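Input: a single structure, listed below in structure tokens.
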Amino acid sequence: MKRPLRPDELALWGLVTATVRPAHGRSTPSPPSHAHPKSAPVAALIPADTARRAHAPRQPKPPEAIEPGRRRRIVREREDISARLDLHGYDQDRARQALHAFIQRAHADGARAVLVVTGKGRLGDGVIRRRTPEWLAEPPSRALVAGLSPADRRHGGDGALYIALKRRG
């Protein structure tokens, strides 16, 4: 035998169903008929920290990949790599600050493509290598970066990134 849902369970189910759309050709299910008539407002039933997490800002989307033709020109050195930054030996905080400063300085100098050497890390999955696309999506650099791609083997391979910069406007 099923027990009737409590008001807090109904409120939680209401939150879940509010975020879901029915499949094509299906209708939205009606709420259970055994709902408690004096249920509390949904906001009163949800813990405050849960509500804050639900509306937390999303992480910025990493920059897109460099267009294949442009990447090919950079690899073949037909488009100049104007500046290089080597982040070996940096901790995360210093690497992030250095990266933002480097991108801003390179853009101000009119650079169109730069190389950032992150290294691979000890096990091939270094923290700086993994976090660099996230850092480039943050406000100081986001408006300046057109795209990024892994570097060719002769420029550092998996331990380096080509970063295409937007034109100065």
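Derivation of every value follows stated rules applied to the coordinates shown; laboratory data play no part. Here the structure is a predicted model, which means the values were calculated and not measured. Cβ atoms come from the backbone with ideal geometry, glycine included; neighbour counts cover every protein chain shown.
The label point for ARG84 and the one for LYS166, both projected 7 Å from the Cα toward the Cβ, are 2.8 nm apart. Amide H contacts of ALA137: none lie under 5 Å away among residues 5 or more positions distant or on a separate chain (H built 1.01 Å from N in the peptide plane; Pro and chain starts excluded). When peptides 155-163, 59-67 are ranked by their average number of other Cβ atoms within 10 Å per residue, the highest-first order is 155-163, 59-67.
Put simply, the amide H of ALA146, placed in the peptide plane, has neighbours under 5 Å in ALA164, LEU165, LYS166, leaving out anything fewer than 5 places away on its chain.
Does segment 68-165 come out rounded, prolate or oblate, given a ≥ b ≥ c as the square roots of the eigenvalues of its C-alpha gyration tensor, rounded meaning a/c under 1.5 and, failing that, prolate meaning a/b above b/c? Here segment 68-165 falls in the oblate category. 3J(HN,Hα) along segment 136-153: 5, 8, 7, x, x, 10, 4, 6, 9, 8, 8, x, 8, 8, x, 7, 5, 4 Hz, from the Karplus curve 6.51 cos²θ - 1.76 cosθ + 1.60 with θ = phi - 60°, whole Hz, x for Gly and Pro.
In this structure, the amide hydrogen of ASP86, modeled 1.01 Å from its nitrogen in the peptide plane, lies closer than 5 angstrom to those of VAL117, counting only residues at least 5 positions away or on a different chain. Modelled label positions at GLN97 and ALA18, each set 7 Å beyond Cα in the direction of Cβ, lie 4.3 nm from each other.
For the pair ARG130 and ARG73, the difference between a 0.36 nm per residue extended length and the Cα-Cα distance amounts to 18.0 nm.
Counting only Cβ charges, +1 for Lys and Arg and -1 for Asp and Glu, the dipole size of segment 68-165 around its Cα centre is about 340 debye. Couplings 3J(HN,Hα) for segment 161-169, derived from phi with the Karplus relation 6.51 cos²θ - 1.76 cosθ + 1.60 (θ = phi - 60°), are 10, 8, 10, 8, 9, 6, 5, 6, x Hz, where x marks Gly and Pro.
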